[in-house]
Amino acid sequence: MIFMPPIRSNWPQPLYGRGTFRRVSASCAWMTGCARPPTKRASTFWGSTRRGMRLKVALWSAMLTIIVGAGAAAAPSMATWQWGRAFRKCTFSHAGYVKSLGCVVYNAAIPGKAGEEDGVGVVETQEIVAPKPFTMAIPSWNASTPDGSYIVVFLKVRADGVWSKWCKLTLYNTKGNPEPRQSCKDGDDIVFSECSAVGVRDPKRADAVRLRFELRSTDGKTYPTLRFVGVNTNDPTPEGMFDKAEPDKSVWGTELDIPYLSQLSVKGGSVWCSPTSVAMVLGYWSKRLNRPDLVVGITDAAAGIRDNALRGTGNWGMNTAFAGEFPGIKAYVDRFSSLSRVEYYIGKGVPVIVSHDYGLLNHWKNSAGHLAVVRGFTKDGDIILNDPWTPADKLDQVRKVFKRADFEACWLGPKGSEGTVYVIYPQWYRL
């Protein structure tokens, strides 16, 4: 399944590592504000899926897929829905899958379930049993949300045989108009939500999850469409967060031609590492696919990603939802348990955005949450990043090399983001 996490939180439970959220700010997705030099004040912030070694792929009914790294049964997992056969396993009210469009659309002629609102399309997934007990669930979605339409995202989990309420996570649309795009705080005695993710309250562990998407309109005429849904569930055990897979040395020496962008080149960009990273990856696909529409400015990306509840751009799900608004692009949040899984994607020509502790990576005294783009690996297996935290007049320094072990230490496990990544590529692309 695919999962995601953080936002500024004063809640008593940190949905992180041990089942609670760490404090995070709206600046960067993750654990501490955006990356800053060690002389600056510390802040809190943070901003799957095929393996990088062999993968076990199990089909769950039709095309519901759970993907787990081979030899790592405890690794995080991801379930996805797309295409007709997968969506047909969902339940609908006033909505249905249209094969010719390749997406779910609102349809008033389709009967609604008892208790559902007229004028609202609803998609609910079936129960997904996770391979391992989890403490966090992160949904992803790719949709088209023209002005006058929006999507509301809900998630529920089962813990100790009892289902939680439908936890409201997100009100999402592209432009935040007329309804502001925002994450929601919700919960009960089993779960709580923040930053479009769900945490399971300590000491509980959940074993199943369901998703719900409401297709809503502000004018009764314009509705969103939904073409991809995913959810990631974590495995908070050491075995689940650290996979001792062998590296894929065949990828060493491979480097993708990803454009250089600096978040410091625009006003307000000091906390925009996440949208800058998304813009770099979209720019990469623009060049490869000859699609000028995928070239996005940093300011425009930040405006399209901003979570108005957090007043920042660090919401992981909104970052991938923004990328997934572009026709033919699939984007989701996942968690990896080793760099070998990143190597798999690099070997396929797919860059990966990684959420990590930049302070730990640079051996600073303070933590500094950050996102950057993996562009490849050196011949010795060290990681090569496009780092958006680079002076605007030194774009040639965006490309940075870090020791493999140093990067794994700041990315995997509770000291990092539990291996959180954004994966963005054409939906037809064969992995």
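The values are calculated or read from the model by the stated rules, or taken from the named source; none is laboratory data. Treat the numbers as computed from the prediction; the structure is a model and nothing was measured. Cβ atoms come from the backbone with ideal geometry, glycine included; neighbour counts cover every protein chain shown.
Quick notes on this structure:
- Residue 326 vs. criteria crowded, with 24+ Cβ neighbours inside 10 Å and closer than 22 Å to residue 229 by Cα: no
- Of the strands (runs of 3 or more DSSP E) lying entirely inside the stretch 74-147, those carrying at least 2 residues that are more than 21 Å from residue 331 (Cβ to Cβ) and of a type outside the set (S, T, N, Q) are 95-98, 121-124, 128-134.
Table: residues versus (1) in contact with a Pro (Cβ under 7 Å, 6 or more places away or on another chain); (2) β-branched (Val, Ile, Thr).
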| position | (1), (2) |
| --- | --- |
| 337 | yes, no |
| 352 | no, yes |
| 363 | no, no |
| 375 | yes, no |
| 387 | no, no |
| 403 | no, no |
| 421 | no, yes |
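- Just so you know, in the stretch 89-125 the residues that are within 26 Å of residue 160 (Cα to Cα) and more than 21 Å from the chain's Cα centre (by Cα) include one that is surrounded by the most Cβ atoms within 10 Å (Cβ to Cβ), and it is 90.
- Subset tally (residues that are over 8 Å from residue 329 (Cα atoms) and either among the hydroxyl-bearing types (Ser, Thr, Tyr) or surrounded by fewer than 24 Cβ atoms within 10 Å (Cβ to Cβ) (or both)) for the stretch 416-431: 7
- Within the stretch 181-206, residues that are surrounded by 24 or more Cβ atoms within 10 Å (Cβ to Cβ) reach partners that are modelled with pLDDT under 95 and acidic (Asp, Glu) with beta carbons closer than 7 Å, at six or more positions or on different chains, in the pairs 183/194.
- Within the stretch 346-358, tally of residues that are over 15 Å from the mean Cα position of the chain (by Cα) and either surrounded by 24 or more Cβ atoms within 10 Å (Cβ to Cβ) or part of a loop (DSSP other than H, G, I, E, B) (or both): 6
- Subset tally (residues that are touching a Phe, Trp or Tyr at 6+ places or on another chain (Cβ under 8 Å), within 13 Å of residue 255 (Cβ to Cβ) and not hydrophobic (A, V, I, L, M, F, W, C)) for the stretch 350-379: 3
- Test for residue 267: is it within 23 Å of residue 336 (Cα to Cα), basic (Lys, Arg) and surrounded by fewer than 15 Cβ atoms within 10 Å (Cβ to Cβ): no
- Selection count, the stretch 147-164, where residues are in contact with a Phe, Trp or Tyr (Cβ under 9 Å, 6 or more places away or on another chain) and either at pLDDT 95 or above or not assigned by TED's automatic domain parsing to the domain that holds residue 129 (or both): 9
- Of all residues making up the stretch 277-315, the number that are within 17 Å of residue 387 (Cα to Cα), of a type outside the set (Ser, Thr, Tyr) and either touching a strand residue (DSSP E or B) at 6+ places or on another chain (Cβ under 7 Å) or not in a loop (DSSP other than H, G, I, E, B) (or both): 10
- Filtered residues of the stretch 191-219 (kept if over 18 Å from residue 318 (Cα atoms) and either among the polar types (S, T, N, Q) or at pLDDT 95 or above (or both)): 191, 192, 200, 201, 205, 206, 207, 208, 209, 210, 217, 218
- Filtered residue count, the stretch 373-413, keeping only those that are assigned to a strand (DSSP E or B), in contact with a Ser or Thr (Cβ under 8 Å, 6 or more places away or on another chain) and surrounded by 18 or more Cβ atoms within 10 Å (Cβ to Cβ): 5
- Residue 370 being part of a strand (DSSP E or B) and in the same structural domain as residue 314 (by TED's automatic domain parsing): yes
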